[in-house]
1. Give the span of the range 154-206's Cα atoms along each principal axis, as three whole-Å numbers ordered largest to smallest.
2. Given only helices, namely DSSP H runs of n ≥ 4 each adding -39500 (n - 2.57), what is the per-residue ellipticity at 222 nm of the chain, to the nearest 500 deg cm²/dmol?
3. Quote the FRET efficiency, to the nearest 0.05, computed for residue 147 versus residue 12 with a Förster distance R0 of 30 Å and r equal to the Cβ-Cβ distance.
4. Work out from phi, with θ = phi - 60° and the Karplus expression 6.51 cos²θ - 1.76 cosθ + 1.60, the ³J(HN,Hα) of each residue of the range 194-207, listed in order in whole Hz, and give x for Gly and Pro.
5. Write out the GluC sites (Glu not before Pro) in the range 1-82 meeting two conditions: DSSP loop, and at most 16 other Cβ atoms within 10 Å of their Cβ.
6. Answer rounded, prolate or oblate for the range 124-198, using the Cα gyration tensor with square roots of eigenvalues a ≥ b ≥ c: rounded when a/c is under 1.5, else prolate when a/b is larger than b/c, else oblate.
7. Going by how many other beta carbons lie within 10 Å of each one, how would you line up 203, 62, fewest first?
8. What is the local net charge at residue 135, summed over the other residues whose Cβ is closer than 9 Å to its Cβ (Lys, Arg +1; Asp, Glu -1)?
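Laboratory data are not the source of any read-out in this text; all were calculated from the coordinates shown. All of these numbers come straight from a predicted model, not from anything done at the bench. Glycine also receives a Cβ, built like all others from the backbone with ideal geometry; neighbour counts cover every protein chain displayed.
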Amino acid sequence: MQYFGGKTKVSNQIVNYLESVRKENQVYIEPFVGGGIICSKMSGKRKAFDYNEYLIEMYKAVQSGYELPNSVSEDEYKYIKEHKDEDKALTGFVGFGCSFAGKWFGGYARDKRKKCDFACSSKLALLKKMSTMMDVDFQCANYKELHFSDCLIYCDPPYCDTTQAYGTGNFDTKEFWDVIRIWSENNDVYISEYTAPDDFECVLEIPTKIDIRNKDNKMEKRIEKLFRYKGK
Ligand SMILES: C[S@@+](CC[C@H](N)C(=O)[O-])C[C@H]1O[C@@H](n2cnc3c(N)ncnc32)[C@H](O)[C@@H]1O
């Protein structure tokens, strides 16, 4: 299932790094699980959170044997968008899995190759990921309300100006870094971001294939980074 801002392309590098720093039997926490690609590749005890309640209902429903549709028509898509609470799990699947670029109800997505309905390819991709996430504890929560101790925490928060992509409202990045400073007192916390405040250090850099133009209109390679808190 395509998910806006998903970490599919860099997932192996991130997972290898996280597993390499993980302590024995350390619980893995993902407060912004989104499409779940990192969580699906981590081992051991895992807890995953997200503020989009429909997404979490979808994961829990699939764990309980819920049958996702093989096709979703444009009319069904519009109906579900207008009646989100009728079947929250289905809304979670359609809202991301049947939407353009994996953006929350970002427009009805069509499969150009026509081999299979878009919903069908999304369902297959989701079920593949779920095959390794049947034992994950999924919960809907605002990350600010969460408290952990002795855990390995991986954060992939919304980047600036992308909150409309998830249906979760405004995201205060400054407040986010403050929460991370607190969590870092009792946990090992790693954050995916392009930049971080000065009291954070970059521990992993992954050049990606996406070339972007900088403000001087010159091509730049986009570099995915992983940060951690250095301390005071
Ligand atoms: C960049 S995406 C995560 C992508 C994920 N790593 C993947 O590979 O698919 C950010 C996620 O944060 C969630 N989110 C936004 N605000 C949140 C909040 N206050 N608390 C918890 N989750 C939140 C969004 O719903 C979205 O799923």
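1. If we take the Cα atoms of the range 154-206, the spans are 30, 26, 19 Å.
2. Details: 7 runs with 65 residues, N = 232.
After summing the helix terms and dividing by the residues of the chain, the value is -8000 deg cm²/dmol.
3. Working: r = 30 Å, r/R0 = 1.01.
With R0 = 30 Å, the Cβ-Cβ based efficiency is 0.50.
4. These are the phi-based 3J(HN,Hα) values: 8, 9, 8, x, 4, 8, 10, 10, 8, 10, 8, 10, 10, x Hz.
5. Values: sites: 19, 24, 53, 57, 67, 74, 76, 82; in loops: 24, 67.
Within the range 1-82, the qualifying GluC sites (Glu not before Pro) (loop, at most 16 other Cβ atoms within 10 Å) are 24, 67.
6. On the way: a/c = 1.91, a/b = 1.26, b/c = 1.51.
Verdict is oblate for the range 124-198.
7. Working: 203 13, 62 22.
Ascending number of Cβ neighbours within 10 Å: 203, 62.
8. Numbers: positive: 45, 46; negative: 137.
Charge balance near residue 135 sits at +1.
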